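A.B. asks: Sending over a structure as structure tokens; questions will come in a sec.
What follows draws every value from the coordinates through simple rules; no lab data is involved. Note that this is a predicted model, so its numbers are computed, not measured. Positions of Cβ are generated from backbone atoms using ideal geometry, with glycine treated the same way; all protein chains shown enter the neighbour counts.
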Amino acid sequence: MEKPIRVLVAKPGLDGHDRGAKVIAQALRDAGMEVIYTGLRQTPEQIVQAAIQEDVEVVALSSLSGAHLHLFPPVVKGLRENNAQDILVLGGGVIPDEDIPPLKEAGIVEIFGPGTDTKNVIAYIKKAKGV
């Protein structure tokens, strides 16, 4: 039996809305992945440390506050600085189309907006991890 994909679902910043993150976390669990949910109001540094300590393969960031351009890139940077650049970083939430290119340039591999079917997120992770 294959080892399940380990995913950290994180809510960076002061955004207090976590329904979407919880929906994603549950969908990933239902798909057989191991999910660690950090809870609300995490700093990028806390997310990086949790990802390393939990030995995850994927970090899924969620933001509805509009601070994604300030909160997502430092997670990628922190992972790189800790030799954990092999951890896939995804973003989701209310993210305007014009913000997607700079996020991808910063190392966020994919962005999932509101209304994205959870099956699409699951399929993306499985394909990216070769499962």
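A.B. asks: Just subtract the alpha-carbon distance of Asp55 and Ala67 from 0.36 nm times their residue separation and send over the number in nm, one decimal.
C.D. replies: On the way: separation 12, 0.36 × 12 = 4.32 nm, distance 2.62 nm.
1.7 nm is the gain from fully extending Asp55 to Ala67.
A.B. asks: Going by C-beta contacts inside 10 Å, put Leu14, Leu8, Leu40 in order with the fewest on the left.
C.D. replies: The fewest-first ordering by Cβ neighbours comes to Leu14, Leu40, Leu8.
A.B. asks: I would also like to ask the following. With point charges of +1 on the Cβ of Lys and Arg and -1 on the Cβ of Asp and Glu, referenced to the Cα centre of the chain, which listed residue (Pro73, Gly115, Ile87) lies farthest in the positive direction of the dipole?
C.D. replies: Final value for the positive-end residue is Gly115.
A.B. asks: Same structure again: When the dipole is taken about the Cα centre of the chain, and only Lys, Arg (+1) and Asp, Glu (-1) are charged at their Cβ, what size is it in debye, to the nearest 20? The partial results should precede the final answer.
C.D. replies: Values: 14 positive and 17 negative charges, 55 e Å.
The calculation lands at about 260 debye.
A.B. asks: Gaussian network model of the chain, Cα springs within a sub-10 Å range: biggest mean-square fluctuation belongs to which of Val76, Val35, Val109?
C.D. replies: Result: Val109 has the largest fluctuation of those listed.
A.B. asks: Rg over Rh of the chain, using C-alpha atoms and the Kirkwood radius, what does it come to?
C.D. replies: Values: Rg = 13.2 Å, Rh = 14.4 Å.
My calculation of the ratio gives 0.92.
A.B. asks: Turning to a different aspect of this structure: Compute the relative contact order of the chain as a whole-number percentage, counting only Cα pairs closer than 8 Å that sit 6 or more residues apart in sequence. Don't skip to the end; give the middle numbers.
C.D. replies: Working: 218 pairs, mean separation 32.9, N = 131.
Rounded, it is 25 percent for the chain.
A.B. asks: Something else now. What net charge is computed for the residues neighbouring Val121, neighbours being all others with C-beta under 13 Å from the C-beta of Val121, Lys and Arg scored +1, Asp and Glu -1? Please report the intermediate quantities before stating the final value.
C.D. replies: Numbers: positive: Arg29, Lys119, Lys126, Lys127, Lys129; negative: Asp30, Glu110, Asp117.
So the environment of Val121 carries a net charge of +2.
A.B. asks: As an exercise, identify the trypsin sites (Lys or Arg not before Pro) in segment 94-130 lying in DSSP coil whose Cβ has no more than 14 other Cβ atoms within 10 Å.
C.D. replies: Working: sites: Lys104, Lys119, Lys126, Lys127, Lys129; in loops: Lys129.
Taking segment 94-130 and a limit of 14 other Cβ atoms within 10 Å, the loop trypsin sites (Lys or Arg not before Pro) found are Lys129.
A.B. asks: Still on this structure, I have one more. What nm value, rounded to one decimal, do you get for the distance between Thr116 and Gln46 when each label is placed 7 Å out toward the C-beta?
C.D. replies: 2.3 nm
A.B. asks: Stretch Ile100-Lys22 to full length: gain in nm at 0.36 nm per residue minus the Cα-Cα span?
C.D. replies: 25.8 nm
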